[in-house]
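Report on the following structure.
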Amino acid sequence: MTPGLEHYLVVSALLFCLGLTGVLLRRNLLVIYMSLELMLNAANLALVAASRFTGKLDGQVMVFFVVTVAAAEVAVGLALIVALYRRRATAHVEDLTTLKL
Amino acid sequence: MNPYLPWLVLLAPAVAAVAITLTALRRPATAARWSIGAILVALAASLWLFRHGAGGQTAWVWLDLPGLRVDFGLRVDPLSQLMLVVVTGVAGAIHLYSWGYLRGDPGLPRYYAGLSLFSFAMLGIVLATNLVELFVFWELVGVSSYLLIGFWYERPAAADAAKKAFLTNRVGDFGFLLGIVLVWSVLGTPDLAELEAKLAAAPPAWGAVATAAGLLLFCGAVGKSAQFPLHVWLPDAMEGPTPVSALIHAATMVAAGVYLLCRVFFLLNAPALAVIAWTGGLTALLAALLALQQNDIKRILAYSTLSQLGYMVLAVGLSGAGGNPAPAMYHLTTHAFFKALLFLGAGAVIHALHHEQDIWKMGGLRRKLPVTFWTFLAGTLALCGVPPFSGFFSKDAILALAWERQQYALFALGTGVAALTAFYMFRLVFVAFTGPAKSQAPDHAHEAPPVMTVPLLALTVPTVLAGFWGVDRWYARQYGVASGPAHGWGAQLLEPFAHAPVAAWGGLLAAGIGLVAAWKLYGRALSDPLPARLGAPARWLRDRLYFDELYAALIAATQEGLARVVAGVDRWVLATGVVRGGAGLFELAGRILRHVHTGNLQTYALLLAAGAVVVLWWTLNR
């Protein structure tokens, strides 16, 4: 049996849900960050699969953009997390509630 | 007629007022020179106009709107010609007198600026060609009157009196303004000459609103001429300097109301005139009664002014629609002279006694102040209507008019008031001048300087002689009545007795009764015997029949009640309901919604995801 579009999309959805669960439940900022990357890549997988099965290149072009943005995001985000850690000596989201009244 | 001459009359005092304000506020002598010079120029020009002005109108367009054209013009006709002479003549004497009376007062330049402003405004009323222009000057008169009554503004009584005069006048002026708008909206023009022509051409154009318009215009006169029920401001206005009382509150400003009625006489119809006549008669009686128990020399004269103004208004009302209100203007003219004289005489007394105004602290002034006494006596005789003084002729003209019109109630009222007039005026003369001295003050009194006695003597001339000049025949020309041939002096003196014997003898008898009664009661009195004899009514009269208290209570009940309602609405509906309620609503919403903001990053992420799910679900299920 050759895998069809549905299989790819199911895998993509599973990855997305996995990432979302990680974002919502994990406490460490770095792990949340990695979960976010997982979500992005789940979306990338869906786009590439759709591109492959419809024979159009739009999805692949889109993926290029996503990858580029993700790379930039990682650079900024990791820098922020490191800066935050240096300042607060913690990377746990429960400790980062200064915006609350 | 030289078209520039009326402008000279009008603008000379205005120039003086501006010049004093700009350059001479710290230089009394310069200010007095400006002011006196200006009024003398105006007097000279007025006399020239009186002799040679054949009548006419000069104007330039001031406002030109669709449906409304307002000129700024000057009108010279018999009515304004003589009135100009009266105003500038009396004002000239008073300007001069003030220099002696107020010498050394630090506010003198301000006083002269106010006096010049007043002269300008009053001459504007006299010369105005249309109702709008007249109203502008009317208000200017009100302002300058306010400034002059409140001249000694550091005294609370003077400041209050100024406010009271201004506000009371505003009540009347509001009606006047409505009247002007009504006349304009019905007849389409505020110009007096055009109005008269229009009404003469098509009388029905006026129609049913004539009475309303006439009464509204009369409202203005009620305020300015201090007729009942707006008479309360005039006695209080005596807080101003005495020359101001003489000029504004005796001779000219209060006469403006009567002048207005004569100006717009062609607009008044029979029902309006009936109301006017009775208002005047009632005021004359009321004021004469109130004068009986006043002890302040100026207040007695103030109530006497009210009473005489009542006579004039009565005369206007009695003239009948389309008639000839010359008797009103006649009495206005003679009254201007002798009342100014009386006030200036009172001023000389007050000046001599170092600002003592209570007649029960005077007495025996006849020997100390001979010039003042004899001129004051001439004014008193004129006021009481004793021949051959001018007041006799003008008052007789009014009584004769009442008799002629068969208004016997008003005739009796007028005659009764004449008796009261003689009574209270001779009470004043006997107590202050001839009777025994009642305090130490008169011992040190000295006659006033010539700058004050010369105006007194100058005013005595018209006071005695104005009855022989045919003033009424002059005014009658204004109303298209052919003036009869001029009489000789002797014939003029006897003419009232031949023309309307009942009125002449009745008036004379009334004056005699008043005089004798005053002599019996006050000839040698050291204190007022009336309160003991009359009891409560004397007290009521002394307290001015409680009009001030009544008005105070009325205002407290209506205006302050309304203010309390408005304040309640403001406090409970607007402040509490709308402002606080609105703020409270949003604060409550904020208090509830802030619980959503936990500060936890993952809560936000969950809400974001849930929101995305909801949006997705909603989009896909459509």
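The values are calculated or read from the model by the stated rules, or taken from the named source; none is laboratory data. Since we're looking at a predicted model, the values are computed, not measured. Note that each Cβ is placed from the backbone with ideal geometry, even for glycine, and that neighbours are counted across all protein chains shown.
Residues considered: A:Leu14, A:Leu38, A:Leu5, A:Leu29. Of these, the only one that is exposed (fewer than 14 other Cβ atoms within 10 Å of the Cβ) and touching a helix residue (DSSP H, G or I) at 6+ places or on another chain (Cβ under 6 Å) is A:Leu5.
Across region B:1-51, the qualifying residues are those that are among the aromatic types (Phe, Trp, Tyr) and farther than 13 Å from B:Ser116 by Cβ, and the one among them that is surrounded by the fewest Cβ atoms within 10 Å (Cβ to Cβ) is B:Tyr4. Pairs linking a residue in region A:25-42 that is away from chain B (no Cβ under 12 Å) to a residue that is modelled with pLDDT under 90 and outside any helix (DSSP H, G or I), with Cβ atoms under 8 Å and 6 or more positions apart or on different chains, are A:Leu30/A:Ala91. I'm trying to understand the selection: among the residues of region B:396-411, which are assigned to a helix (DSSP H, G or I), of a type outside the set (Phe, Trp, Tyr) and either touching a Leu at 6+ places or on another chain (Cβ under 8 Å) or modelled with pLDDT of 90 or more (or both)? Matches in region B:396-411: B:Ile398, B:Leu401, B:Ala402, B:Leu410. Of the helices (runs of 4 or more DSSP H) lying entirely inside region B:511-622, the ones with 1 or more residues being modelled with pLDDT of 85 or more are found at B:547-568, B:581-593, B:601-620. Taking B:Gly581, is it within 10 Å of chain A (Cβ to nearest Cβ), surrounded by 11 or more Cβ atoms within 10 Å (Cβ to Cβ) and not polar (S, T, N, Q)? It is false that B:Gly581 is within 10 Å of chain A (Cβ to nearest Cβ), surrounded by 11 or more Cβ atoms within 10 Å (Cβ to Cβ) and not polar (S, T, N, Q). Each residue in region B:372-431 was checked for being of a type in the set (Lys, Arg) and farther than 30 Å from B:Ala458 by Cβ, and 1 pass. For region B:412-464, the set of residues classified as assigned to a loop (DSSP other than H, G, I, E, B) and surrounded by fewer than 19 Cβ atoms within 10 Å (Cβ to Cβ) consists of B:Pro436, B:Ala437, B:Ser439, B:Gln440, B:His446, B:Glu447, B:Pro449, listed by residue number. A search for C-beta distances below 9 Å between a residue of region B:122-141 that is free of Cβ contacts under 8 Å to residues at least 40 places away in the same chain and any residue that is in a helix (DSSP H, G or I) and of a type outside the set (A, V, I, L, M, F, W, C), counting only pairs 6+ apart in sequence or on different chains, returns B:Val136/B:Gly124; B:Phe137/B:Gly124; B:Glu139/B:Asn169; B:Glu139/B:Asp173; B:Leu140/B:Gly124.
Residues in region A:59-72 that are crowded, with 16+ Cβ neighbours inside 10 Å and closer than 30 Å to A:Ala89 by Cα: A:Ala70 alone.
Selection of region B:173-196 for residues being of a type in the set (Gly, Ala, Ser) and either farther than 18 Å from B:Leu260 by Cα or in contact (Cβ under 8 Å) with a residue 60 or more places away in the chain (or both) yields B:Ser185, B:Gly188, B:Ala193. Of the set (1) loosely packed, with under 14 Cβ neighbours inside 10 Å; (2) away from every other protein chain (no Cβ under 14 Å); (3) part of a helix (DSSP H, G or I), all apply to A:Lys56 but (3). So is B:Leu309 in a helix (DSSP H, G or I) and under 16 Å from B:His335 (Cα atoms) or not? Yes; evaluated as a whole, the condition is true for this residue. Of the numbered conditions (1) more than 14 Å from chain B (Cβ to nearest Cβ); (2) part of a helix (DSSP H, G or I), A:Pro3 satisfies every one except a single condition; which is it? Among (1) more than 14 Å from chain B (Cβ to nearest Cβ); (2) part of a helix (DSSP H, G or I), A:Pro3 violates only (2).
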